[in-house]
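Reviewing the structure listed below.
Derivation of every value follows stated rules applied to the coordinates shown; laboratory data play no part. Since the structure is predicted, the reported quantities are computational estimates derived from the model, not experimental observations. Ideal geometry is used to build each Cβ from the backbone, glycine not excepted, and the neighbour counts take in all protein chains shown.
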């Protein structure tokens, strides 16, 4: 659950502070996540990290600019992580699952922020 928000923050930072763009930033983070298995090929933990990291990278593609943006990204990451684990056995092999989950997580966090900060 930790790696989705972490990947989202790293991607957002690369996107907005270095000006790399959302797609390129997500590509960097996703590629690094996919190569983590090369560190220790027998590690089951590292094998399972690539999906959540790539899912978090989709969250970080956003270009929101307001006072609590990092808090919103963390909350979106938590919502997405909960959805990720709740739907882990659903839609296996279906394309677009990670991006859809990230979208729903961002949408839920934006709705929450709209309710809190009217």
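This table checks each residue for (1) over 17 Å from residue 66 (Cβ atoms); (2) free of Cβ contacts under 8 Å to residues at least 12 places away in the same chain.
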residue: 81; (1), (2): yes, no
residue: 84; (1), (2): yes, no
residue: 89; (1), (2): yes, yes
residue: 96; (1), (2): yes, yes
residue: 114; (1), (2): no, yes
Only one of 45, 54 is touching a residue at least 40 places away in the same chain (Cβ under 8 Å) and over 15 Å from residue 109 (Cα atoms). Can you tell me which? 54
Just to check your reading of the model, which residue among 71, 111, 82 is within 13 Å of residue 12 (Cβ to Cβ) and surrounded by fewer than 16 Cβ atoms within 10 Å (Cβ to Cβ)? 71
Looking at the range 79-100, which of its residues are over 12 Å from residue 7 (Cβ atoms) and in contact with a helix residue (DSSP H, G or I) (Cβ under 6 Å, 6 or more places away or on another chain)? 79, 83, 91, 99
